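Report on one structure; see the data block that follows.
The values are calculated or read from the model by the stated rules, or taken from the named source; none is laboratory data. Note that the structure is predicted; figures quoted are calculated from it, not measured. Cβ placement follows ideal geometry from the backbone for every residue including glycine, while neighbour counts extend to all protein chains displayed.
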Amino acid sequence: MTASPTICRKDRLRGSPRTHTDELQRGISFLADCQGADGSWKGDYGGSYFLTPMWAAALASMGVPIDDDLRSGFLKYMASRRNPDGGWGLHTESPSTLFSTVLTHVALRVLGARLDDPLVESSLGWIRAHGGAVGIPLWGKLFLATLNLYHYDGVPPLCPELWLLPRAAPLHPGRIWCHARVVLLAMSHLYGRRFRLPSTPLIRAIRSEIYSSPFEEIDWRRQRERVSPTDAYVDQPGLSRVANLVLGAYERIPGFRRRALTETLDHIHHEDDTTDHIDIGPVNKLMNMMVAWFEEGPESVWFASHAGHIADYLWETDDGVHVNGYNSTAMWDTAFAVQALVATPQAADLLPVLARAHGFIEANQVLDDVPDHERYYRHRSRGGWPFSNRPHGWPISDCTGEGLKAALALQDRVEEPIAYERLRDAVELILSLQNPTGGWATYELTRGSRILEKLNSSALFSGIMVDYDYPECTSSCLQGLAAFRRRYPTRLAPGVELAVSRGREYLLSSQNPDGSWYGSWGVCFTYGTWFGTWGLLAAGLEPGAPALRRAVRFLLSHQNPDGGWGEHWTSCTELRYVPSSESQVVMTSWALLALMACGFSSPDVERGLGFLRRTQLPSGDWPREPIEGVFNRTCMIHYDNYRNYFPIWALGLASERNPST
């Protein structure tokens with residue numbers, strides 16, 4: 001459990017500029033050296049800071065053994081992420097929030113930190129200066145309630161009876177985006193059972209620390225909708241308040257609670273069993289593990305199965321140990337790394353590296369649908385690729401598109417390529433995931449109305465209630481279909497042609513007037529515009545098409561004097577382009593990939609390539625940069641490997657197009 005994943009230790013020293021070929025070869029060599037024994041690349045996927053104190057607090061509270069190395073790793077990471085004002089942010093670059101600061105304080109205390117510890121003094125001072133923990137958002141209220149640090153009367157109703165609604169009901173949880181759905185599933189079960197730890201001297205001490213009034217004297221019902229201004233990115237919607245009143249009144253009437261709890265427990269077991277107790281993500285993994293602890297105890301087989309996968313989410317760096325946002329990035333990173341390497345002139349010399357990568361891609365395609373997938377609100381799975389690996393078991397549209405592209409790129413470079421039948425399954429899954437709009441969402445079809453977003457009570461996150469169409473997912477799917485069509489022009493032709501046509505119209509309609517696309521999974525307009533251009537090109541637009549010319553103008557308008565591009569993460573929250581203070585390797589690579597794919601060649605492109613050459617380290621790595629990923633607008637996340645393969649991809653594409661460069 002305390003074993004840390006193997007990571008590449010990377011030289012941080014800057015090197016002097018070298019020739020293009022030297023830089024490309026050094027980058028390729030470094031990337032190849034980082035390949036795992038299983039053929040994959042997997043990297044640090046941290047950045048979502050709140051996960052670490054939440055996990056640390058829960059694991060320690062449940063009595064999970066935490067050895068000295070893990071304890072010190074958690075503490076070191078929390079210390080490294082403290083903001084100058086004494087608090088902690090939602091992610092590693094955000095302003096302080098009550099949510100993360102309270103979680104940090106609780107984690108510090110249950111890990112054994114004393115009141116005179118400087119970190120405890122810091123967290124406690126920040127919490128008291130911001131009105132105490134009563135204004136923590138919904139996720140924090142429920143989590144603290146399970147630790148007996150918040151009264152369940154102060155938690156907005158999370159009635160498990162919602163899972164008994166007719167499936168056709170507009171508010172049925174099965175219509176909610178899967179990540180929010182499975183978190184709600186476990187939370188509603190914990191809420192319905194009113195599970196909480198026993199009161200202990202430490203629990204009572206923490207209560208006295210994080211509230212400005214005695215715990216027993218707080219009017220908890222008045223705290224249900226209270227959220228600290230530091231945490232309220234999404235206002236508490238009026239419809240949500242009405243729903244809370246209705247559900248609160250319902251709870252006082254004898255109803256179907258026992259039947260509802262049986263239903264939620266059944267769904268929790270299905271999620272655990274079909275993901276090998278990895279679960280879709282770290283929040284529902286932790287919540288499901290807590291359900292197992294409360295329902296069956298720490299000695300149960302169920303809890304032990306969860307404990308066996310705790311280390312899957314832990315990652316160690318020089319800053320300590322943190323919790324990653326997924327069990328790994330292996331499939332996503334491997335698909336991109338393969339495409340980057342294949343795009344270089346050196347691809348023919350990399351056959352052993354590519355063969356190992358192909359073995360990983362082949363081994364991690366999902367081969368079957370999960371049992372009873374319709375009953376448990378799961379889309380079909382056969383043929384898809386997850387973000388991480390097959391045991392995780394949740395295929396995603398863009399991961400499947402990128403996995404299909406990588407598999408097809410390796411067809412003529414390996415001895416035993418993936419069989420046509422399995423590639424066909426991937427295509428059929430992609431086709432099944434296309435929405436009537438022509439766009440693609442993430443894990444499943446869009447099932448709910450946008451009105452469900454009016455019930456978003458998280459305060460912290462935006463766009464979590466519905467699985468919306470995304471330009472990035474649409475682009476990856478279009479690129480995968482186009483690659484399949486080139487390889488097998490007559491197979492599945494009518495369905496592929498129609499899907500490509502509809503996807504092209506979606507991308508055209510979702511382009512902003514300035515030529516950009518908003519990126520929901522990367523920062524932000526640079527990321528979205530790279531995907532938008534590549535998707536339209538895959539869908540058949542010529543490089544000189546008006547939409548692509550607008551995209552080129554947008555990118556060129558944001559190039560920096562040093563030749564690079566840089567975009568700040570607040571673009572995601574402010575919904576407008578916000579430049580960063582410095583150019584970034586990853587942003588520059590995305591911009592160059594878009595410009596070169598659109599046929600644009602000029603001194604501006606050369607200046608961008610020059611920036612990539614100048615910033616490479618002697619080891620072949622590039623420096624670690626500000627955060628470049630995001631989910632749900634507000635929570636940034638780090639993709640450690642982006643800085644390794646995207647520059648290679650851009651430099652390789654430039655070299656292929658102009659060998660004399």
- Has the range 572-592 got at least one residue that is surrounded by 17 or more Cβ atoms within 10 Å (Cβ to Cβ), among the small types (Gly, Ala, Ser) and assigned to a helix (DSSP H, G or I)? yes
- Message: Could you tell me how many of the residues in the range 474-488 are among the hydrophobic types (A, V, I, L, M, F, W, C) and under 21 Å from the mean Cα position of the chain (by Cα)?
- Response: 1
- Can you tell me which residue in the range 548-565 is nearest to the chain's Cα centre (by Cα), limited to those that are surrounded by 16 or more Cβ atoms within 10 Å (Cβ to Cβ) and either among the hydrophobic types (A, V, I, L, M, F, W, C) or assigned to a helix (DSSP H, G or I) (or both)? Trp565
- Go through the residues of the range 77-91 one by one and say whether even a single one is part of a helix (DSSP H, G or I) and closer than 22 Å to Pro201 by Cα. no
- Condition set touching a helix residue (DSSP H, G or I) at 6+ places or on another chain (Cβ under 6 Å) and surrounded by 17 or more Cβ atoms within 10 Å (Cβ to Cβ), scope the range 291-315, selection nearest to Tyr191 (Cα to Cα): answer is Val291
- Would you check which residues across the range 582-603 are of a type in the set (A, V, I, L, M) and touching a Ser or Thr at 6+ places or on another chain (Cβ under 7 Å) and list them? Val585, Met587, Ala591, Ala594, Ala597
- Every residue from the range 305-337 that is more than 26 Å from Ser100 (Cβ to Cβ) and of a type outside the set (A, V, I, L, M, F, W, C): Ser305, Gly308, Asp333, Thr334
- Message: What's the total number of residues in the range 519-567 that are in contact with a Leu (Cβ under 7 Å, 6 or more places away or on another chain) and under 21 Å from Arg633 (Cα atoms)?
- Response: 3
- Message: Among the listed residues Val353, Val338, identify the single one that is surrounded by fewer than 22 Cβ atoms within 10 Å (Cβ to Cβ) and in contact with a helix residue (DSSP H, G or I) (Cβ under 6 Å, 6 or more places away or on another chain).
- Response: Val353
- Task: Please work out which residue is farthest from Leu341 (Cα to Cα), limiting yourself to the range 353-376 and to residues that are part of a loop (DSSP other than H, G, I, E, B) and in contact with a Pro (Cβ under 8 Å, 6 or more places away or on another chain).
- Result: Val366
- Task: Determine which member of the set Ile280, Ile268 is in contact (Cβ under 8 Å) with a residue 60 or more places away in the chain and within 16 Å of the chain's Cα centre (by Cα).
- Result: Ile280
- Being touching a helix residue (DSSP H, G or I) at 6+ places or on another chain (Cβ under 9 Å) and polar (S, T, N, Q) is the filter; apply it to the range 26-46 and report the residue that is surrounded by the fewest Cβ atoms within 10 Å (Cβ to Cβ). Gln35
- Message: Just the residues that are in contact (Cβ under 8 Å) with a residue 40 or more places away in the chain and charged (D, E, K, R), please, taken from the range 34-81.
- Response: Asp38, Lys42, Asp44, Asp67, Asp69, Arg71, Lys76, Arg81
- Item | Condition check for Leu190: surrounded by fewer than 20 Cβ atoms within 10 Å (Cβ to Cβ), out of contact with any Lys or Arg (no Cβ under 6 Å at 6 or more places or on another chain) and either part of a loop (DSSP other than H, G, I, E, B) or touching a residue at least 24 places away in the same chain (Cβ under 8 Å) (or both) | no
- Task: For Arg128, indicate whether it is surrounded by fewer than 19 Cβ atoms within 10 Å (Cβ to Cβ), free of Cβ contacts under 8 Å to residues at least 12 places away in the same chain, among the charged types (D, E, K, R) and over 19 Å from Leu261 (Cβ atoms).
- Result: no
- Close pairs from the range 519-530: first more than 18 Å from Pro626 (Cβ to Cβ), partner at pLDDT 95 or above and assigned to a loop (DSSP other than H, G, I, E, B), Cβ under 8 Å, at least 6 apart: Ser520/Tyr468; Ser520/Tyr470; Thr529/Gly515; Thr529/Ser516; Thr529/Trp517; Thr529/Gly519
- Does Trp88 satisfy the condition of being more than 20 Å from Asn632 (Cβ to Cβ), touching a residue at least 12 places away in the same chain (Cβ under 8 Å) and touching a strand residue (DSSP E or B) at 6+ places or on another chain (Cβ under 7 Å)? no
- Task: Answer with yes or no whether Gly540 is crowded, with 16+ Cβ neighbours inside 10 Å and without any contact (Cβ under 8 Å) to a residue 60 or more places away in the chain.
- Result: no
- Item | Top-ranked residue of the range 444-473 - restricted to ones that are assigned to a helix (DSSP H, G or I) and over 17 Å from the mean Cα position of the chain (by Cα), ranked as nearest to Val155 (Cα to Cα) | Leu455
- Query: Is it the case that some residue within the range 478-496 is in the same structural domain as Gly535 (by TED's automatic domain parsing), surrounded by fewer than 19 Cβ atoms within 10 Å (Cβ to Cβ) and hydrophobic (A, V, I, L, M, F, W, C)?
  - Reply: yes
- Search the range 198-221 for residues that are in contact (Cβ under 8 Å) with a residue 24 or more places away in the chain and pair each with any residue that is surrounded by fewer than 13 Cβ atoms within 10 Å (Cβ to Cβ) and hydrophobic (A, V, I, L, M, F, W, C) when their beta-carbon atoms are under 8 Å apart and the residues are at least 6 apart or on different chains. Glu209/Leu115
- Unique match (being modelled with pLDDT of 95 or more and either of a type in the set (Phe, Trp, Tyr) or within 26 Å of Gly46 (Cα to Cα) (or both)) among Leu286, Leu261: Leu286
- Can you tell me which residue within the range 412-437, out of those that are aliphatic (A, V, I, L, M) and not in a loop (DSSP other than H, G, I, E, B), is surrounded by the most Cβ atoms within 10 Å (Cβ to Cβ)? Ile430
- Task: Considering only the range 119-147, state which residues are under 23 Å from Phe461 (Cβ atoms) and aliphatic (A, V, I, L, M).
- Result: Ile127, Ala133, Val134, Ile136, Leu138, Leu142, Leu144, Ala145, Leu147
- Item | Single match in Trp440, Trp385 (criterion: closer than 20 Å to Trp177 by Cα, within 18 Å of the chain's Cα centre (by Cα), buried (at least 24 other Cβ atoms within 10 Å of the Cβ) and free of Cβ contacts under 8 Å to residues at least 60 places away in the same chain) | Trp385
